1. Taking residue 391, is it under 28 Å from residue 159 (Cα atoms), surrounded by 15 or more Cβ atoms within 10 Å (Cβ to Cβ) and of a type outside the set (A, V, I, L, M)?
2. Cβ-Cβ below 7 Å, separation at least six or inter-chain, first residue in region 260-286 and closer than 22 Å to residue 249 by Cα, second among the aromatic types (Phe, Trp, Tyr) and in a loop (DSSP other than H, G, I, E, B): which pairs?
3. Do we have residue 167 as free of Cβ contacts under 8 Å to residues at least 12 places away in the same chain and surrounded by fewer than 21 Cβ atoms within 10 Å (Cβ to Cβ) here?
4. Whether any residue in region 141-156 is crowded, with 24+ Cβ neighbours inside 10 Å and at pLDDT 95 or above is what I want to check.
5. Quick test for you: out of 332, 349, pick the one residue that is at pLDDT 95 or above, over 23 Å from residue 135 (Cβ atoms) and touching a Pro at 6+ places or on another chain (Cβ under 7 Å).
6. Could you grab me the full set of residues in region 229-249 that are at pLDDT below 95 and either exposed (fewer than 12 other Cβ atoms within 10 Å of the Cβ) or under 30 Å from residue 55 (Cα atoms) (or both)?
7. Restricting to region 66-76, name every residue that is of a type outside the set (Asp, Glu) and either surrounded by 15 or more Cβ atoms within 10 Å (Cβ to Cβ) or in contact (Cβ under 8 Å) with a residue 40 or more places away in the chain (or both).
8. Just one of 271, 357 is surrounded by fewer than 24 Cβ atoms within 10 Å (Cβ to Cβ) and assigned to a loop (DSSP other than H, G, I, E, B); which is it?
Amino acid sequence: MSKRVTRPASSSSLPKRIARGAGVALLFLIVALCLAVTIVPPFLDRVYYQGPVSRHYDGAHFFNPDGDIDTPAPPGTSRQGFILRWLLGDDDRPQWPEAIAVKPARPAPFAAPRGMSATWVGHATVLVQAAGLNILTDPIWSDYASPFPPLGPRRVAQPGIRFDDLPRIDLIVISHNHYDHMDLLTLKRLWERDQPKIVTSLGNDSILKANGIPATALDWRQSVSGAALNGLAPQAVVQCGNYEHCPDYRVHVTRNHHWGSRWGTDRNRALWSSFVIETRAGNIFFAGDTGAGDMGWPYEARRYGPIRLALIPIGAFRFWKGQMQSDAHIGPIQAVEIFKRLGASTAIPIHWGTFRLSYEQWDTPPRMLELALRCEGIERKRFAPLRIGQTIAIPTTSPVERGPRRCDERAIRALE
């Protein structure tokens with residue numbers, strides 16, 4: 001009878017086996033996630049809001065009245081194949097740097113009575129200091145924009161302000177419930193430290209309150225005063241002995257063009273929005289995360305008065321080579337058009353260079369923005385990119401003069 005001899009595995013074959021096992025495990029995970037889309041929805045769906053049917057709510061889900069968000073696959077591919085290549089990192093995207101050097105700012109406690117300054121913290125997070133108020137937009141200090149860190153988009157640039165260096169925050173606005181805009185860990189820390197007033201759109205307050213974070217949720221075209229948020233009569237005339245942290249402001253929740261979800265199956269159970277914040281120092285517009293849609297919503301925001309500062313996204317617009325915008329994300333060319341329609345005096349480009357969410361190269365959005373401004377004859381200083389951690393004083397409101405148009409469309413198309 002022959003004997004079976006077991007040979008020890010060679011050292012050279014061990015790494016191959018480990019790599020093969022890792023590949024099988026990753027493939028299994030991808031298959032499981034794909035199956036979860038059809039098997040698990042009843043368990044992951046959430047009802048965040050219940051209310052009357054409206055022009056953008058059908059009784060169960062919100063929608064864009066100017067058309068649905070479409071997410072097509074790149075030309076010549078299927079959506080499933082595109083997602084698989086994206087998950088495996090095999091989608092031929094331009095390389096991003098592993099890390100970006102950041103010099104964090106140390107902001108002042110507050111701005112002067114009529115003063116306004118802004119510090120870009122990164123992504124859609126901006127600290128705006130206006131007339132004694134400290135305002136944060138879509139704050140995220142976490143390293144990952146994901147429900148399952150360390151899986152998902154990772155921060156390549158540290159926040160432009162260290163959390164412990166933040167001044168006392170008076171007001172936070174949250175545009176929607178995607179993880180790169182509604183970071184519950186950060187919001188919990190801010191609430192426990194400062195108890196700021198938080199304003200968002202319908203349904204998002206349910207997510208926040210379930211995590212111990214009080215918030216006020218409003219529909220498009222609704223507003224709330226700082227007096228009401230602080231327990232005073234809604235139309236009370238605010239008179240503060242000291243202008244610091246004085247709640248003399250009003251937040252308007254305004255329309256944009258996007259969608260919302262935390263799990264995929266709860267898609268559009270909560271509303272998305274932009275904001276106009278009226279302060280003693282002038283109006284601030286925050287676009288949130290948005291596609292172009294019908295491009296009528298900037299005019300709606302403009303009706304509340306001259307806009308001293310607009311925060312407008314320019315990144316995560318490309319999902320295949322040559323794409324200039326997506327249904328959910330405007331690109332720099334559309335951002336310039338929105339700036340014009342808002343009639344804003346100064347704008348800061350946001351939503352780029354922090355988390356890798358799409359196809360374009362790390363610095364394509366600001367480079368394309370500069371070229372797009374030249375096409376319209378608009379001075380760069382009116383809509384200039386900031387470094388993460390950079391603070392600028394916002395000039396008082398003034399008309400935007402147009403100079404000669406110098407458009408290099410070939411250079412725009414050549415950007416990766």
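1. On the way: under 28 Å from residue 159 (Cα atoms): yes; surrounded by 15 or more Cβ atoms within 10 Å (Cβ to Cβ): yes; of a type outside the set (A, V, I, L, M): yes.
Judged against the criteria, residue 391 is a match.
2. Listed pairs, sorted by first residue: 272/259; 273/220; 276/304; 277/249; 278/249; 278/304; 279/249; 283/304.
3. Details: free of Cβ contacts under 8 Å to residues at least 12 places away in the same chain: no; surrounded by fewer than 21 Cβ atoms within 10 Å (Cβ to Cβ): yes.
Criteria not met by residue 167.
4. Start the filter on region 141-156 by keeping residues that are crowded, with 24+ Cβ neighbours inside 10 Å, which leaves none.
For region 141-156, residues crowded, with 24+ Cβ neighbours inside 10 Å and at pLDDT 95 or above: absent.
5. Details: 349 fails: over 23 Å from residue 135 (Cβ atoms).
When all the criteria are applied, what remains is 332.
6. Residues satisfying the conditions are 231, 233, 234, 235, 237, 239, 240, 241, 242.
7. To start, the set of residues in region 66-76 that are of a type outside the set (Asp, Glu) comprises 67, 69, 71-76.
Answer for region 66-76, where residues must be of a type outside the set (Asp, Glu) and either surrounded by 15 or more Cβ atoms within 10 Å (Cβ to Cβ) or in contact (Cβ under 8 Å) with a residue 40 or more places away in the chain (or both): 67, 69, 71, 74, 75.
8. Values: 271 fails: surrounded by fewer than 24 Cβ atoms within 10 Å (Cβ to Cβ).
Result of the check over 271, 357: 357.
The values are calculated or read from the model by the stated rules, or taken from the named source; none is laboratory data. These figures come from a predicted structure and were not determined experimentally. Using ideal geometry, Cβ is built from the backbone for each residue, glycine included, and neighbour counts are taken over all protein chains shown.
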